[in-house]
């Protein structure tokens, strides 16, 4: 089983996945952004956004033989997966989190708008279908609670859900 843990930057993916990693002996965790960096699996550098442009084909090929893995990244939903957990966060909170960790104001705002527009959720549903997507709102939750929800996704004890979280009011 391959599980993608995705969401807009700042939603708590890495924090919750790190907690979850200690609970699951049968799964390896792949932090996709680290793999991309370490193995040079990107096509170029976007100077304006100060980020690398992932080579999704190379990443998919690199992970092709891997099963029983959790793949954590805001890009993981672009890769084959049996289940996709999409972490969500209220845009105002998300923008604040990103600014507190040193993101530029314009980049933090762009990510908050993307979250309000359900960009990653929509992509995940388009790639994997409603029956494989699990939406988790992290806004007012402790990382251990989010890890509990992720564990339920991994173990198959949580029903798929998508479209239950609505942040579009942020845009008005």
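Read-outs: derived from the displayed coordinates by stated rules, not from any lab. All figures in this text were calculated on a predicted structure; none of them were measured in a lab. We place every Cβ from the backbone using ideal geometry, glycine too, and count neighbours over all the protein chains shown.
Of note:
- If R0 equals 22 Å, the separation of the Cβ atoms of residue 49 and residue 109 corresponds to a calculated FRET efficiency of about 0.95.
- Approximate spin-label separation residue 56-residue 18, in nm, with each point projected 7 Å along Cα-to-Cβ: 2.8 nm
- Average Cα contact separation per residue, the chain, under 8 Å, 6 or more apart, as relative contact order %: 31 percent
- Linear extension gain, residue 123 paired with residue 164, 0.36 nm per residue minus alpha-carbon span: 13.2 nm
- Where a label projected 7 Å from the Cα of residue 26 along Cα→Cβ would reach, residues of segment 144-165 with amide N under 18 Å: 148-159
- Distance between the pseudo-spin-label points of residue 101 and residue 130 (7 Å out from Cα toward the beta carbon): 3.2 nm.
- The Rg/Rh ratio of segment 1-152, with both radii computed over alpha carbons and Rh defined as the Kirkwood radius, is 0.94.
- Segment 1-86 - percent relative contact order, Cα under 8 Å, separation 6 or more: 55 percent
- Highest-MSF residue in the chain out of 95, 37, 115 [GNM, Cα springs under 10 Å]: 37
- Here each label is just a point 7 Å from Cα along the line to Cβ, and for residue 144 and residue 39 those points are 3.5 nm apart.
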